[in-house]
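A quick write-up on the structure given underneath.
Just so it is clear, none of the values below were taken in a lab; they were calculated from the coordinates. In this text the structure is predicted, and so the values were computed from the model without any measurement. Reconstructed Cβ throughout: ideal geometry from the backbone, glycine too, with neighbour counts over all protein chains shown.
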Amino acid sequence: MNNISNNLESIGFGKWFQDKIPHGVLDQFDIARVVAVHKDSYTISNGEVDVLAELIGKLIFSASSPVDYPAVGDWVLANFYDENTFAIIHQILPRKSLLKRKTPGKKVDFQLIAANIDFAFIVQSLNENFNLRRLERYLVMVNDGKIQPIVLLSKSDLLDHEAITGITEEIHKIMPDLQVIPFSNQNESYLDNVKRIMQAGLTYCLLGSSGVGKTTLTNNLIGKSKYITKTVSKKESKGRHATTHRQLIKLDFGALVVDTPGMRELGNFSVATGLGETFSEITEFSEKCQFNDCTHVNEKGCAVLKAVEDGQLSAERYQNYIKMNKESTFNEMSYLEKRKKDKQFGKFIKTVMKHKNSQR
Ligand SMILES: Nc1nc2c(ncn2[C@@H]2O[C@H](COP(=O)(O)OP(=O)(O)OP(=O)(O)O)[C@@H](O)[C@H]2O)c(=O)[nH]1
Ligand SMILES: [Mg+2]
Ligand SMILES: [Zn+2]
């Protein structure tokens, strides 16, 4: 393997992606990683230089959904021009993992958050942001994206040891296998708890509400304050988000990090896998339901409802599951409907154009 590969390896490239590259294309293209997404352009890196890039027209015209566009963390095939000051992206390589969520508001569409993430840090602050139901929401998104979740409980400096242990136990009571790490941005030894689990060449993504300390953590990991954080006072804690864009950053010790803006509204999109994995005990109970297609809402012989009745399953957890399941089904149905309409509209335009042309 040549020099370029070493550079690529340093930004997370590996055998999994290498094996997905079509035969012969490397004579024509270079491999690069998307490190930032702008309005109509991208910043890509080959491990040596960061270059502004645009998509080739063919890619734009053939795109039929948001997943057809590059996201932060994507590996792409590109051509570099003008002494590596500009590039054109020709193709997105297959993704190992993909984080996406429903577009905020009523729109039935989804947005990509990041691609090819190995571990997602779900950050909640111990003092006021901690919430099991919100945690489950993030877990569904992360599990559905085929990403390993790790929970970071921030601002541990604000609570005593006992309170912190209490919260950790609360999580482990319902999700015993979940890795949970309390930390503080104001305490070196606690910070090391986070650094210790990060590995060179792997990509991490920071997720969580606004103000929980994601950017402060990123800055601490970088070692110099390069990204803007925000001062929150109680009064303005519902104020503006400090982080407005996503960017992939390489740390001194070789790990890669994507900081994301806090999400006020976390809607998920058709997440059968994520739900099943996050609520694995519900999946287990459901195997004993009388009907195969049981929705666990009002059916006779439902083992899930029985588990709630017997106290084997917490009512809050069950309700959160049902709520997310409904949302996900609704989003998927509405999205399919929207796609159908878009297609019909596309056909209509084509017919009109044909008709117009034939009249000339
Ligand atoms: N006490 C305490 N405060 C912290 C800690 N980490 C961050 N903060 C403060 O919390 C506020 C918000 O931190 P940010 O890092 O900007 O939060 P963020 O998660 O990046 O927020 P968004 O970018 O809006 O999503 C700042 O005032 C930080 O100084 C911590 O460990 N302990
Ligand atoms: Mg931030
Ligand atoms: Zn059932």
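Going by a ≥ b ≥ c, the root eigenvalues of the Cα gyration tensor, does the stretch 95-166 fall in the rounded group (a/c under 1.5), the prolate group (a/b larger than b/c) or the oblate group?
Here the stretch 95-166 falls in the prolate category.
Note down the Stokes-Einstein diffusion coefficient of the chain in µm²/s, whole number, using a Kirkwood radius over alpha carbon pairs, 10 °C, and 1.306 mPa s.
Estimated diffusion coefficient is 70 µm²/s.
Taking only Cα atoms of the stretch 3-92, what ratio of Rg to Rh do you get with Rh as the Kirkwood inverse-distance radius?
We get a ratio of 0.93 for the stretch 3-92.
What percent of all Cα-Cα pairs in the stretch 98-259 falls into each 5 Å bin, going from 0 up to the bin containing the maximum distance?
P(r) over the stretch 98-259, rounded to whole percents: 2, 8, 17, 22, 23, 16, 9, 2, 0.
In terms of the ratio Rg/(2.2 N^0.38 Å) built on C-alpha atoms, what value belongs to the stretch 53-132? Intermediate values should be presented prior to the final figure.
Working: Rg = 16.7 Å, N = 80, 2.2 N^0.38 = 11.6 Å.
Rounded to two decimals, the normalised Rg is 1.43.
Between the alpha-carbon centers of the stretch 100-177 and the stretch 54-85, tell me the distance in whole angstrom.
So the separation of the two Cα centres works out to 31 Å.
Sequence neighbours fewer than 8 away in the same chain don't count; with that in mind, list the aspartates and glutamates whose C-alpha is under 14 Å from K306.
Partners within reach: E281, E284, E287.
Across the chain, where is the longest run that never hits chymotrypsin sites (Phe, Trp or Tyr not before Pro) in a DSSP loop with at most 15 other C-beta atoms within 10 Å? Kindly include the intermediate steps, with their values, before the conclusion.
On the way: sites that count: F253, F291.
Longest gap between qualifying sites, sites excluded: 1-252.
Just to be sure I understand: with springs between alpha-carbon atoms less than 10 Å apart, which residue in H161, H38, H172 has the highest mean-square fluctuation in the Gaussian network model of the chain?
Among H161, H38, H172, the largest mean-square fluctuation in the Gaussian network model of the chain belongs to H161.
At 222 nm, what value in deg cm²/dmol follows for the chain if DSSP H runs of at least 4 each add -39500 (n - 2.57) and the sum is divided by all its residues, to the nearest 500? It would help to have the intermediate numbers written out before the result.
On the way: 11 runs with 129 residues, N = 360.
That comes out to -11000 deg cm²/dmol.
Starting from the stretch 53-136, pick out the GluC sites (Glu not before Pro) whose DSSP state is loop and whose Cβ has at most 10 other Cβ atoms within 10 Å. Can you show the working numbers first?
Values: sites: E54, E83, E128, E136; in loops: E83, E128.
Sparse-neighbourhood loop GluC sites (Glu not before Pro): E83.
Past 18 Å, Cα to Cα: identify those pairs from K107/K341; K100/K173; K107/K338; K15/K58; K96/K338, in the order given.
Distance filter (> 18 Å) returns K100/K173; K15/K58; K96/K338.
For the stretch 150-228, compute Rh as the Kirkwood radius over C-alpha pairs and then the Stokes-Einstein diffusion coefficient at 10 °C and 1.306 mPa s; write the answer in µm²/s, rounded to an integer.
117
How do M324, M333 rank when sorted from fewest to most other Cβ atoms within 10 Å of their own Cβ?
With the fewest neighbours first, M324, M333 line up as M333, M324.
For the chain, which cysteines have no second Cys with its Cβ under 4.7 Å from theirs?
So, C205, C302.
Can you sort R196, R246 so the residue with the fewest Cβ neighbours within 10 Å comes first?
Starting with the residue having the fewest Cβ neighbours, the order is R196, R246.
Of the residues S280, S45, S154, which exhibits the maximal mean-square fluctuation in a Gaussian network model of the chain defined by a 10 Å Cα contact cut-off?
Judging by the Gaussian network model, the answer is S280.
Given the Cα-Cα distance of K146 and K343 and 0.36 nm per residue of separation, how much length would full extension add, in nm?
The K146-K343 span can extend by a further 67.9 nm.
Test of understanding: in a Gaussian network model of the chain with alpha carbons linked when under 10 Å, which of L248, L202, L159 would top the mean-square fluctuation ranking?
Maximum fluctuation in the GNM of the chain, among the listed residues, is at L159.
Which value does Rg/Rh take for the stretch 272-346 over its C-alpha atoms, Rh per Kirkwood?
Over the Cα atoms of the stretch 272-346, Rg/Rh equals 1.13.
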